Amino acid sequence: MTINDLIKQLIYSFNNNDKESFINFAREYIEREKRMKHNQAAKELEKALFDKQPQDNLFAERRFKNSLPIPRDCEKGFPLLEIKNYNENMENLILNIKAKEKLEQIIREFKDNDILSTYNLSYKKKILLCGKPGTGKTFTAHIISSILQLPLIYIRFDSIISSYLGETAANLRKVFEFIENGTWIVLFDEFDIIGKNRDDIHEHGEIKRVVNNFLQMLDNFNGLSIIFAATNHQNILDPAIWRRFDDVIFYELPDENTRYKLFEKYIKQIKRDKTIDLNELAQKSDKLSPSDIKMICEEAMKISIIYSHNCLSMSDISLALNKFIEREQIKDKYSGANYERI
Ligand SMILES: Nc1ncnc2c1ncn2[C@@H]1O[C@H](COP(=O)(O)OP(=O)(O)OP(=O)(O)O)[C@@H](O)[C@H]1O
Ligand SMILES: [Mg+2]
């Protein structure tokens with residue numbers, strides 16, 4: 001059998017749900033690898049075929065309990081949501097204490113649902129995440145999904161809205177029906193598109209209906225999932241939207257102390273020399289977001305590696321920082337932003 005035939009047979013048996021044939025063909029493939037002395041590859045394939053991955057299986061189990069197919073846009077047929085699994089931990093998220101405490105409480109409430117429900121209380125299910133770009137809103141949803149071992153349903157709001165207007169309300173309904181059929185962490189990302197459109201006189205009346213629909217669906221939501229909605233334009237969201245949420249978490253730009261921790265975290269994986277002064281970096285990086293700091297550290301590490309410097313030095317980071325500032329200045333100039341970052 002040629003390699004192509006073998007892979008074809010593997011795919012057929014997968015599609016036909018024929019587990020026995022699948023395993024036989026996979027075994028044949030592994031034997032082939034062994035004959036070609038690809039021992040490492042054969043070992044890894046054997047492991048993949050027979051070892052169970054506890055966390056993935058748990059995710060998969062919960063996911064496949066949901067019998068509905070992934071909802072799709074009626075006209076164009078593209079999926080309205082994505083299901084993703086993450087493996088992050090809370091220590092990776094560097095936030096001020098207030099925000100961190102709120103997140104810890106959301107997690108504890110979910111875990112202690114049994115006790116809460118005996119008092120007729122429910123865990124928080126609708127949470128608004130607000131704050132500047134790159135401060136960790138989307139990342140937070142990844143982390144909560146990892147900690148609670150629930151898959152993340154990711155919904156980019158514009159993909160629902162930008163389809164044919166007549167279909168948008170139907171799309172939303174399909175998304176909510178899907179969510180209510182399982183237990184997930186749900187993220188309506190870039191949720192501000194709703195706020196932006198709500199009072200815009202140029203917008204079609206249809207959009208307003210969709211906004212109201214969304215708010216109603218959020219109100220009526222009775223599932224077990226935790227729904228996050230993230231925005232970086234919280235100032236234009238009207239009070240009607242705020243009231244719908246059980247909690248609101250603000251993501252501030254990091255203060256000096258937090259910036260110190262971020263630099264420390266993001267250069268941790270590389271050997272550094274004595275010139276590195278984290279205090280100085282923290283002072284120099286006022287108004288930068290965690291995501292900016294991460295990008296600068298990655299750039300500095302790459303500079304250090306490709307130019308074969310023995311260790312990461314302060315001059316590598318300064319170079320990366322200056323490149324970043326230059327890029328931001330160009331961006332601000334051409335995008336008309338009138339604030340100074342540093
Ligand atoms: N508070 C933080 N602590 C540690 N790392 C962070 C933090 N915030 C952001 N990062 C890093 O920056 C990346 C991008 O952040 P993220 O996508 O969560 O920002 P966001 O707030 O959702 O931004 P936007 O408003 O543009 O969507 C994250 O994946 C993470 O690696
Ligand atoms: Mg985001």
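In table form, for the structure just shown:
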item	result
Choice from GLU298, GLU326, GLU167 with maximal GNM fluctuation in the chain (Cα, 10 Å cutoff)	GLU326
Selected from LYS137, LYS102, LYS268 as most flexible by GNM, with the chain as the system and alpha-carbon contacts under 10 Å	LYS268
Neighbour-count ranking [beta-carbon atoms within 10 angstrom, fewest first] of MET301, MET1	MET1, MET301
Listed residue (ALA300, TYR334, GLN283) projecting farthest to the positive dipole end of the stretch 256-335, Cβ model	ALA300
Volume in Å³ per residue [convex hull over Cα atoms, computed for the stretch 276-339]	80 Å³
Debye intensity ratio in log₁₀ form over the Cα atoms of the chain, taken at each q of 0.07, 0.12, 0.13, 0.14 Å⁻¹	-0.43, -1.07, -1.15, -1.20
Whole-Hz ³J(HN,Hα) from phi, Karplus 6.51 cos²θ - 1.76 cosθ + 1.60, for the stretch 144-152, glycine and proline x	5, 4, 5, 5, 8, 6, 10, x, 9
Cα lying deepest toward the dipole's positive end in the chain, options HIS233, THR168, PHE263, charges on Cβ	PHE263
Label point distance in nm, ASP114-ASN257, each placed 7 Å from Cα along Cα→Cβ	3.8 nm
Note, ³J(HN,Hα) from phi for the stretch 177-189, Karplus 6.51, -1.76, 1.60, rounded to Hz, x at Gly and Pro	4, 5, 4, 5, 8, x, 10, 9, 9, 10, 10, 8, 8
DSSP bridge orientation in the chain - percent antiparallel, rounded to nearest 5	15 percent
The chain, helix-only ellipticity at 222 nm - DSSP H runs n ≥ 4, -39,500 (n - 2.57), divided by all residues, nearest 500	-17500 deg cm²/dmol
Mean Cα-pair separation over length for the chain, i.e. relative contact order, pairs under 8 Å, 6 or more apart, %	17 percent
Loop-resident sites, the stretch 214-318, for chymotrypsin sites (Phe, Trp or Tyr not before Pro), counting at most 14 other Cβ within 10 Å (DSSP)	TYR307
Spin-label pair ILE83/ASN17, simplified geometry with 7 Å Cα→Cβ offset, distance in nm	1.5 nm
Extreme residue, positive dipole direction of the stretch 3-51, given options ILE23, ALA48, MET36 (C-beta unit charges)	MET36
Among LEU49, LEU103, LEU68: highest mean-square fluctuation, GNM of the chain, C-alpha pairs under 10 Å	LEU49
Scaled radius of gyration (Cα, divided by 2.2 N^0.38 Å) that the stretch 3-51 gives	1.11
Inter-site label distance for ILE330 and GLU75 at 7 Å from Cα along Cβ, in nm	3.7 nm
Dipole in debye (nearest 20) - the chain, about Cα centre, beta carbon charges: Lys, Arg +1; Asp, Glu -1	560 debye
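Any read-out appearing in this document is the output of simple, stated calculations on the displayed coordinates, not a laboratory observation. Small disclaimer: the values here were computed from a predicted structure and weren't measured. Backbone-built Cβ (ideal geometry, glycine too); neighbour counts: all protein chains shown.
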